[in-house]
Structure formats: C-alpha cells, structure tokens
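To keep things clear, I will list the structure first and then write my remarks on it.
The values are calculated or read from the model by the stated rules, or taken from the named source; none is laboratory data. This is a predicted model, so every value here is computed, not measured. Please note: Cβ atoms are built from the backbone with ideal geometry, for glycine as well, and neighbour counts cover all protein chains shown.
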Amino acid sequence: MRGYLAVIVVLAIAVQACTQSPQQYPPPGRLIDIDGRRLHLHCTGKGSPTVVFMVGGGAFSIDWALVQPKVAQDTRVCSYDRAGLAWSDPGPADETVEQTISDLHILLKNGEEKGPYLLVGASIGGIYIQAYQRAFPKEVVGLVFSNSSNRIGRLVNGKPGLIWELTEEQIPSTFPLAASDKGPAPTSEDDPFDRLPPDLRAVRLWLDIKLWQRWEPTKEKPDSTLSWRKEFLKEFAETDARK
C-alpha cells in the first residue's frame, strides 16, 4: 500500500508541474529582446571580467544556482538559457553553433553586460564557447571547460560512429528519430540536479516537463549535429587531434 501511495504522490507532482503557469515560476533574471525574440539572462555580482556560464544540451540556467552566488562574490557573473530552453523563446535554428554564438553576442550587448568575458562551457557548451572566442576574440579573456563534450556519436545502420568521423551524408540518414525515443515524462530530478534546493528542483522539473512536451523526435533535423561536426573539425584543425 505504501508503494502504491508513493506512486500516486509522484504522479501528482508530475501532473502539477505540467499544469503550472509561467507566472508560477517566473525567470530569476531578465528577458532580453534579440531581434523580436526574448532570451533569459540572469546576472549577479560586480567586477571584471564578466563570467558567462554556458549550459549543456537540454539544460537550464538554474543548473548553475549553487555555483553562481559563489562566483558573484568576486566578480560579475551571468547565466542564460539558449533559444528554446527554459524561459527563452525558440529561434530558427536552435542548438546550431551559428545561431548560439550570434544569440549570445546580441544578448550580452542588448543586456548591456560589459566585457571582457570569461566563458565557462559545460558538456556541449564547450564547443559553443570555443566558437564564440573564434568569432569574437577581442571580447574573450579566457575559456573554462567543465566536463565538456569531446566524444559525440550517432548510430549509422546500427553501428556507432563519432560525428566527426561520419560524413555529411551519413549524419542526415540518422534523422528523424523514432517516436519511441521520446520516452515517458520526467517525474523527478536525478543526479546531479537532485542536489539543488527543493524549491529549485521543483522549478527544474517543471522546465524538464515543458521541454519534454515540446520535443518531437519524429521532427528532429540534423542541423545542430552537422554544425557540431563542423565545429569539432575546426577545433581539431587548430590543435593536434591525435592527442
């Protein structure tokens, strides 16, 4: 009976999170207009350089909630949500390298956040910050890679391959994804996000469910993966890829 009641409680929390209005969980920062779209930018602290946190794939600005206050004791620090994530509006080519670095450049400018910037990239955010530094070298004083991705793969005809080893023709053949890839709706926050305070875990679950509801695997396109492949190859050309 206790197990049965526990399941009911979990499902009730999930249903409640699904039905929360945007006003119930307002963004902690500002919604900044960039060419008719609004992106969420949350900045705290004072000083220079301005530290800018870049989350990984399918992650949110509040994931830095335990880190940002610590850094803000010494300097200015900003976290933000890329297009289509959390409180930020979607764009025409979400998660592509080109749109991501252009959005961030305009966001910081329109948000009147002064450089120079120290960029911190988690997971796939690592390639975004490196691409930003290449595009706007005078704005960036340093890069910090936090468990940044260096091996991203796709299954081609049932065989795994790293995206930079696959051709531009092979990657599109792996899209769209199967409807079954959507999986069940999230009902809780797992490691490491279960370390967030209870109130922020509730917000994150709400954001997770919103993202799950919006994601349609059968409509997925290869654009972002192709842009990641291109970026990795650029980075390898600048370094010794064999190492």
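Points to keep in mind about this one:
- Counting the residues of region 72-96 that are surrounded by 19 or more Cβ atoms within 10 Å (Cβ to Cβ) and more than 22 Å from E231 (Cα to Cα) gives 7.
- Single unsatisfied condition, T187 versus (1) among the β-branched types (V, I, T); (2) touching a strand residue (DSSP E or B) at 6+ places or on another chain (Cβ under 8 Å); (3) under 24 Å from P27 (Cβ atoms): (2)
- Evaluated against (1) surrounded by 18 or more Cβ atoms within 10 Å (Cβ to Cβ); (2) closer than 23 Å to F193 by Cα; (3) free of Cβ contacts under 8 Å to residues at least 60 places away in the same chain, M54 falls short on exactly one condition, (3).
- The set of residues in region 142-184 being within 22 Å of the chain's Cα centre (by Cα), surrounded by fewer than 15 Cβ atoms within 10 Å (Cβ to Cβ) and of a type in the set (A, V, I, L, M, F, W, C) consists of L162, L177.
- Single match in R82, R154 (criterion: at pLDDT below 95, charged (D, E, K, R) and in contact with a strand residue (DSSP E or B) (Cβ under 8 Å, 6 or more places away or on another chain)): R154
- Test: residue in region 119-135 that is without any contact (Cβ under 8 Å) to a residue 60 or more places away in the chain, farther than 18 Å from L233 by Cβ and either of a type in the set (S, T, N, Q) or in a loop (DSSP other than H, G, I, E, B) (or both): no
- Test: residue in region 63-71 that is assigned to a helix (DSSP H, G or I) and either basic (K, R) or at pLDDT below 95 (or both): yes
- Residue among F53, F60 that alone is closer than 24 Å to P116 by Cβ, modelled with pLDDT of 90 or more and of a type in the set (F, W, Y): F53
- Residue in region 195-217 that is closer than 30 Å to L66 by Cβ, part of a loop (DSSP other than H, G, I, E, B), in contact (Cβ under 8 Å) with a residue 60 or more places away in the chain and touching a Lys or Arg at 6+ places or on another chain (Cβ under 9 Å) present: yes
- Checking each residue in region 148-182 for being assigned to a loop (DSSP other than H, G, I, E, B), of a type outside the set (A, V, I, L, M, F, W, C) and touching a residue at least 40 places away in the same chain (Cβ under 8 Å) picks out S149, E168, P176.
- Only one entry of Q130, Q68, Q99 meets the criterion of being crowded, with 17+ Cβ neighbours inside 10 Å, in contact with a strand residue (DSSP E or B) (Cβ under 6 Å, 6 or more places away or on another chain) and of a type in the set (S, T, N, Q), and that entry is Q68.
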